[in-house]
1. Please report Val222, Val265 as a ranked list, fewest other C-beta atoms within 10 angstrom at the top and most at the bottom.
2. Would you mind calculating the relative contact order of region 88-336 from Cα pairs under 8 angstrom and at least 6 residues apart, reporting the percent as a whole number?
3. Find out how many positive minus negative residues lie around Gln234, taking Lys and Arg as positive, Asp and Glu as negative, among other residues whose Cβ is under 11 Å from that of Gln234.
4. What FRET efficiency, computed as 1/(1 + (r/R0)^6) with R0 = 35 Å and r the Cβ-Cβ distance, is obtained for Ala262 and Ala126, rounded to the nearest 0.05?
5. On a C-alpha basis, how far is the centre of region 189-213 from the centre of region 258-298 in Å? Whole number, if you could?
6. What is the P(r) of region 88-336, as percent of Cα-Cα pairs per 5 Å bin from 0?
7. At a 10 Å Cβ-Cβ cut-off, how would you order Ser323, Ser105, Ser182, fewest neighbours first?
8. I want the local charge near Ser192. Using Cβ-Cβ distances under 12 Å, sum +1 for each Lys or Arg and -1 for each Asp or Glu among the other residues.
Amino acid sequence: MCEPFGFAGSAYGSVPVAVFFCAHRLVPIPFSLQSRYCPCTTRKWMQFCTGNRVWLRWFECRKFERNIIGREGSARLIKELLHPTAAERFFFDNNGYLVLEDFLSLSHVEALRAALAKTVAHRRSARYQREHEPAFAERLEGANTRIFHLLDEDPLFLYLLDYEPIMAYVRGLFNEMPHLHSTDAFCEVEKSASHGLGWHIDGIQEGFRHLGWPIPLLQLKVGYYLSDMSEEGQGNLTLVPGSHKALCKPEPEDLQRAELFAGAVQVCGRPGTAFLFHNAVWHTPGPWTRAEGRREMLYYGYEHPWMLACVEQWRYDRSFLQSLSADQRKFFHGFVFDPPEYRWG
Ligand SMILES: O=C(O)CCC(=O)C(=O)O
């Protein structure tokens with residue numbers, strides 16, 4: 001198979017053949033298009049496959065029509081649609097995080113906010129009974145909320161698990177076969193003790209420190225801002241760029257400073273901004289200095305398929321696990337299902 005320096009194709013014509021432009025020849029290759037609808041925006045996403053390879057994953061149907069049917073430059077199309085780009089990878093490798101502005105559409109964000117509000121009300125209600133303890137203590141008292149294990153609360157949360165636009169990044173930066181590590185959500189309206197002072201790296205057994213420094217990329221966390229986090233001072237994820245490569249820990253006094261120490265960055269973004277970060281990046285919920293601040297956001301953690309580093313995988317009811325599609329099941333170990341699925345990863 002040649003590398004796709006570019007292609008042209010007819011999606012709706014009678015001959016489903018793509019021509020891949022290689023350095024020295026043109027190769028016609030049969031291709032298929034598969035499509036799926038986003039449940040909240042009813043926008044159509046498609047993927048372009050040749051054999052069992054997926055070249056272009058999931059994009060908006062209209063963009064496809066404009067670019068392919070309209071015969072605009074195919075090299076530009078591939079550049080636009082294939083993520084992570086070389087520049088994004090370079091930034092992530094060097095800084096340990098990556099911010100994707102306007103990643104979710106506003107209608108998608110609004111639907112997720114409604115789902116989150118409903119879920120918080122459900123978790124806070126007297127009738128809510130938890131069968132399995134969550135990974136960490138939830139915060140269900142007072143004005144601020146933090147909850148875990150979201151996937152069975154609303155189809156929109158499950159939809160984000162393997163949302164193809166983010167999967168391009170998760171697969172490209174991390175692992176072709178990602179597994180679910182964790183899901184959690186914050187709804188905050190006021191300062192709490194951890195704001196600006198909850199510095200840590202992620203991972204069991206003291207953040208995988210026993211593996212030595214620098215700590216490898218073992219978990220990739222994706223955050224989605226649902227409220228407007230374009231201003232600092234409302235608990236924005238705060239991190240030290242490049243600290244995943246550090247060979248030593250920060251000074252304990254620095255981690256206790258209410259005003260942030262040099263090099264710490266508050267991640268800002270409009271509603272719909274997504275960001276990804278490496279488990280070994282030093283981070284904290286950011287300082288809370290805005291009286292009118294508000295933070296509503298989701299986190300999805302992914303781990304390698306040969307890991308089981310969080311309880312989330314077996315914190316869902318059997319009926320929920322049984323209801324998952326074949327694609328969604330791939331994010332779980334086979335042994336959580338009944339009957340177990342005998343497969344690797
Ligand atoms: O945004 C935050 O509050 C930080 C969350 C965090 O520390 C984590 O997900 O590991």
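Any read-out appearing in this document is the output of simple, stated calculations on the displayed coordinates, not a laboratory observation. This structure is a prediction, so every number in the text was calculated from the model and none was measured. FYI the Cβ positions are ideal-geometry reconstructions off the backbone, even for glycines, and counts take in every protein chain you see.
1. In order of increasing Cβ crowding within 10 Å: Val265, Val222.
2. Computed over region 88-336, the figure is 31 percent.
3. -3
4. Efficiency computed from Cβ-Cβ geometry: 0.15.
5. Region 189-213 and region 258-298 have Cα centres separated by 13 Å.
6. Result, from short to long distances: 1, 6, 14, 18, 20, 19, 13, 7, 2, 0 percent.
7. Ser323, Ser105, Ser182
8. So the environment of Ser192 carries a net charge of +1.
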